[in-house]
1. Among rounded, prolate and oblate, which fits the stretch 119-238 when a ≥ b ≥ c are the square roots of the eigenvalues of its C-alpha gyration tensor, a/c under 1.5 means rounded, and a/b larger than b/c means prolate?
2. Counting pairs of Cα atoms in the stretch 159-227, how many percent are more than 14 Å apart?
3. Straight-line reach from LYS38: which aspartates and glutamates fall under 18 Å, measuring Cα to Cα and dropping same-chain residues less than 8 apart?
4. Expected output is a single nm value to one decimal: the length gained when fully extending between THR18 and ASP118, i.e. 0.36 nm times separation in residues minus the C-alpha distance. What is it?
5. Tilt of helix 63-73 relative to the longest C-alpha principal axis of the chain, in degrees (0 to 90, nearest 10)?
6. Can you run phi through the Karplus equation (6.51, -1.76, 1.60; θ = phi - 60°) for the stretch 41-55 and list ³J(HN,Hα) in whole Hz, with x for Gly and Pro?
7. State the three equivalent ellipsoid semi-axes of the chain, derived from the C-alpha gyration tensor as the square roots of 5 times its eigenvalues, in descending order and whole Å.
8. Please sort by residue number the trypsin sites (Lys or Arg not before Pro) in the stretch 160-238 whose DSSP state is loop and whose Cβ has at most 12 other Cβ atoms within 10 Å.
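A short reminder: the numbers here are calculations on the coordinates, not readings from a lab. Note that the coordinates shown come from a computational prediction; the quantities given were computed from them, not determined experimentally. Neighbour counts run over all protein chains shown; Cβ positions are idealised from the backbone, glycine included.
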Amino acid sequence: MLAYALYMSPDALVEDITHLLEVWVAGWAGCRGYETGKEGRFPAALRADKTGDWEYFAHDPSDAEFAELAAKAAESPARILTILSNDLARYTFLANQHGLSTTSASQTMMFVDMATQDAEDPWLSDDSLKLTTSLNNGIHYAEVRSGEELAASGRVCVVGTTAVFDRIVTEPEFQRRGLGSFIMKALAAQAFEHDVESGLLLASLDGQKLYSHLGWKNISRVLMLSADPAQDGDLSVA
């Protein structure tokens, strides 16, 4: 099923968020070096560097499927169940029935047709800043530094014909200088070394404003649930 998703057209991918989620999990886990697996038909990732336990992902599961996933998530306070849906009220209600708490409901999955993105390497207008790009184990990295100080960074993993962007971060003292957009463009230029058709990411509230400006579209809201309400609720950076 995943191979089928990887080579669908951008329009078809947006129509099929279940497969799109599988592509995103593969790219996101690849960016972070996570082991991946399945819980039934649903993708899962072992967040070894954060919780040390599994996170399960599902798009609009049935009530019965949700109950099974919630039961697995409730086995450990370190586990997380992440639901993609535009009906968050339904899954918040179900979560309460199964003893799970909301850790985040503000993120969105976003999508772009890469044909709308600039394939050229961007340039920095500030001579005090320097861009460095690298490739390691199939992951493309971009960093902007001011001397030895990190100003902004990000990474992208290409899965089939989809570029999955992750951990786009501008350090607080360098914000509002356009570096988030610059990193995205630098990563896109690297992604175009492959035969990419679409781009995919999960965005925080702040990120949604940036990516919308760059032509990305919201396609689904994201609800993160756990037996421990104090769990980290940011998939885009954390």
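1. Values: a/c = 1.71, a/b = 1.25, b/c = 1.37.
Oblate is the answer for the stretch 119-238, as a/c is 1.5 or above yet b/c matches or exceeds a/b.
2. Details: 1492 of 2346 pairs.
That fraction is 64 percent.
3. Hits, sequence-local ones excluded: GLU22, ASP53, GLU55, ASP60, GLU65, GLU68, GLU75.
4. Numbers: separation 100, 0.36 × 100 = 36.00 nm, distance 2.79 nm.
Here the segment from THR18 to ASP118 would lengthen by 33.2 nm.
5. 70 degrees
6. Listing the rounded values in order: 8, 9, x, 8, 9, 8, 8, 4, 8, 10, 9, x, 9, 7, 10 Hz.
7. On the way: eigenvalues 190, 76, 49 Å².
Rounded to whole Å, the semi-axes are 31, 20, 16.
8. Details: sites: ARG167, ARG176, ARG177, LYS185, LYS209, LYS217, ARG221; in loops: ARG176, ARG177.
Answer by residue number: ARG176.
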